[in-house]
Amino acid sequence: MGAVDPASWIDVPSVTLELTRLIIAIQVMAAGITLPKKYLTKELVSLLMLLGPVMAWMWLTSAVIIMLVFRLGFVESLLIASCVAPTDPVLANSIVRGKFAEAKVPQHVRNIISAES
């Protein structure tokens, strides 16, 4: 029909980008609020291990798998792996919250997942 085209009213990619930033900011703030006081100073070594060598290992492993499966170059695989390796705050929130998580996942594991994301 073409009589009404909402996509022509606004710049859809920029609105999508800004909404994504807003949602991630809210999720990161919610994760930070739920952590116990002084948690980051108490678990600094654990977080540095997760964000340093473990994250680098996940990045390189993901890059090699992507390179082998999709037959891409190493640099392209590293770029895609950098999107796959970090823990997404929205995904982490769904893992650490809810009936199942509270029943099956220990509190210290839920805290470290939230802090790492």
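So the values come out like this:
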| read-out | value |
| --- | --- |
| Value at 222 nm in deg cm²/dmol, rounded to 500, when DSSP H runs of n ≥ 4 in the chain each add -39,500 (n - 2.57) | -21500 deg cm²/dmol |
| Solvent-accessible area per residue for the chain (1.4 angstrom probe, square angstrom) | 75 Å² |
| Solvent accessible area, Å² - residue 69, 1.4 Å probe, full protein context | 100 Å² |
| Within the range 35-66, trypsin sites (Lys or Arg not before Pro) in DSSP loop having at most 13 other beta-carbon neighbours inside 10 Å | 37, 38 |
| Mean separation of Cα contacts under 8 Å (6+ apart) over length of the chain, as relative contact order % | 30 percent |
| Degrees, to the nearest 10: 12-34 long Cα axis against longest axis of the chain | 20 degrees |
| Tilt relative to the chain, helix 55-70 - C-alpha long axis, 0 to 90 degrees, to 10 | 40 degrees |
| Global form of the range 8-66, assessed from the alpha-carbon gyration tensor, a/c cut-off 1.5 | oblate |
| Sequence-separation-based contact order of the range 48-96, relative, with Cα cut under 8 Å and 6+ spacing, percent | 35 percent |
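The values are calculated or read from the model by the stated rules, or taken from the named source; none is laboratory data. Treat the numbers as computed from the prediction; the structure is a model and nothing was measured. Cβ: placed from backbone, ideal geometry, glycine included. Neighbour counts: every protein chain shown. Heavy atoms of the whole protein, side chains included, go into the accessibility calculation; ligands, DNA and RNA do not. Shrake-Rupley method; radii C 1.70, N 1.55, O 1.52, S 1.80 Å.
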